[in-house]
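The values are calculated or read from the model by the stated rules, or taken from the named source; none is laboratory data. The model shown is predicted, which means the values in this text are computed figures rather than measured ones. As a convention, Cβ positions derive from the backbone with ideal geometry for all residues, glycine included, and neighbour counts pool all protein chains shown. When the accessible area is computed, the model is the full protein with side chains, heavy atoms only, and any ligands, DNA or RNA have been set aside. Shrake-Rupley method; radii C 1.70, N 1.55, O 1.52, S 1.80 Å.
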Amino acid sequence: MKKMSIFTDCKFMDRIRQMDFSRYNPEGSLLRRDQKELSRILKVVADICRDNGIQWWMDSGTLLGAMRHKGFIPWDDDIDIVLMKEDYDRLEKILCELESDEFVFHCIRTDKDYVNPFGKFRKKEGCVKVKSKRYDYYRWAGIGIDIFAIEKTSRLSASLARFFYKLFINYTAHVRCRCVRHALISLGQFICFRLLFPLFRLIGKINPKGEYHYALGTGWTKAAYAPEMLLPVSEAEFEGMMMPAPHDADGYLKVLYGDWRKLPTEEQIRKAIHCQEYKDEIFGKE
């Protein structure tokens, strides 16, 4: 497993790491406290994956943070990892059966009101406050890490799946009656997962490039990964830990962000923060 550092512009990366981002997550701040807790949760999942021979790697902003900051993007408030679909299915079963007083795998199987096609390994206690009607219905709302799956399919299939899943599920967040809401969610998921997605997976086999997309229904359909970007995994430093990264992290990040070395504007940073408490801490209450 090689370290993903040889392709980086060393002078640029040194300049980035010398810049003062302390206003976003200074030691003792709520955001920095939760970043450290998220790192601990990541280590728990990493150990479970290692013990069960499951391959994963850092994704999205977590990978960007590892490559650009050797840890969290200073204003980032979550962790993202990704697995191949078959490995995700194995991990989902393991985490759903995990007996823990502290953690839970929050997914469609464990909470009817959690409708995301990806899961979140989170703390049972606590509450992350975000502007989302769906959060008001969740069984758990503690901090945690997002766990995604990717599968070999076409952009057409990924786009169709995302369109229909949103069509059948998104409006249910506005249904206040629990029984009616759950019935509508179950109907929409049956139509999508049992009827439409198998058809879309067949269509997705017409995939001359052999590209990978996030699992059907997840979204981000423009992100298409060539097989050679993914495996064998490399590794990169994240918060003092060496963690798995995609084989071609540079190409992977370009798919997601274009020029990933370019720093965002203040307004882009503000929009990227999910939790209102962190925004208030950094920018002051509006």
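If amide H atoms are built 1.01 Å from N in the plane of the peptide, which residues on other chains or at least 5 residues away come under 5 Å of the amide H of residue 121?
Counting only residues 5 or more places away or on other chains, the set is 106, 145, 147.
Using alpha-carbon pairs under 8 Å, 6+ residues apart, how would you state the relative contact order of the stretch 192-249 in percent?
Dividing the mean separation by the residue count of the stretch 192-249 yields 22 percent.
So, for the chain, what is the accessible surface per residue at a probe of 1.4 Å, expressed in square angstrom?
It amounts to 50 Å² per residue over the chain.
Short version: ³J(HN,Hα) in whole Hz for each residue of the stretch 89-99, in order, from phi by Karplus 6.51 cos²θ - 1.76 cosθ + 1.60 (θ = phi - 60°), x for Gly and Pro, what are they?
My calculation for the stretch 89-99 gives 4, 5, 5, 4, 4, 5, 6, 5, 8, 5, 8 Hz in order.
Quick check: the distance between the Cα centres of the stretch 256-286 and the stretch 127-205, to the nearest angstrom?
About 26 Å separates the Cα centre of the stretch 256-286 from the one of the stretch 127-205.
With a 1.4 Å probe and every protein chain kept in, tell me what percent of the accessible surface of the chain is carbon plus sulfur. Kindly include the intermediate steps, with their values, before the conclusion.
Working: 7630 of 14360 Å².
Carbon-and-sulfur percentage of accessible area, whole number: 53.
Counting DSSP beta bridges in the stretch 99-147, what percent are antiparallel, to the nearest 5?
Antiparallel bridges make up about 90 percent of those DSSP assigns within the stretch 99-147.
Under the rule of -39500 (n - 2.57) per DSSP H run of 4 or more residues, summed and divided by the residues of the chain, what mean residue ellipticity at 222 nm is obtained, to the nearest 500 deg cm²/dmol?
-12000 deg cm²/dmol
Which one of 215, 64, 103 is farthest out on the positive end of the charge dipole of the chain, using unit charges on Cβ (Lys, Arg +1; Asp, Glu -1) and the Cα centre as origin?
It is 215.
Principal axis extents for the stretch 92-183, Cα atoms only, whole Å, descending order, please.
41, 34, 23
Given bins 10 angstrom wide, list per bin the percent of all Cα-Cα distances in the chain, short to long.
Calculated P(r), rounded to whole percents: 6, 27, 35, 25, 6, 0.
Show the residues, 5+ positions off or on another chain, whose built amide H is closer than 5 Å to the amide H of residue 84.
150
If you rank 107, 96, 179 by how much accessible surface each has, with a 1.4 Å probe, what is the order from largest down?
Correct descending sequence by accessible area is 179, 96, 107.
Using θ = phi - 60° and the Karplus curve 6.51 cos²θ - 1.76 cosθ + 1.60, what whole-Hz ³J(HN,Hα) does each residue of the stretch 143-157 get, with Gly and Pro shown as x?
5, x, 10, 7, 10, 9, 10, 10, 9, 6, 7, 9, 4, 4, 5
Report, in whole Å, the centroid distance computed from the Cα atoms of the stretch 80-108 and the stretch 216-234.
Each part's Cα centre sits 20 Å from the other's.
Tabulate in residue order the Karplus-calculated ³J(HN,Hα) for the stretch 106-115, using 6.51 cos²θ - 1.76 cosθ + 1.60 with θ = phi - 60°, rounded to whole Hz; enter x for Gly and Pro.
Residue by residue, the stretch 106-115 yields 8, 7, 4, 6, 9, 8, 4, 7, 8, 9 Hz.
Cross-link candidates for residue 209: which lysines have Cα within less than 22 Å, leaving aside residues fewer than 8 places away along the same chain?
85, 152, 222, 254
Averaging the inverse of every distinct alpha carbon separation and then flipping it gives the Kirkwood radius. What is it for the stretch 35-148, in angstrom units?
14.5 Å is the Kirkwood radius here.
Skipping prolines and chain starts, which residues have an amide H placed within reach, meaning under 5 Å, of the one on residue 103, given they are 5 or more residues away or on another chain?
124
So what's the net charge close to residue 56: Lys and Arg +1, Asp and Glu -1, counting the other residues with Cβ under 10 Å from its Cβ?
Local net charge: -1.
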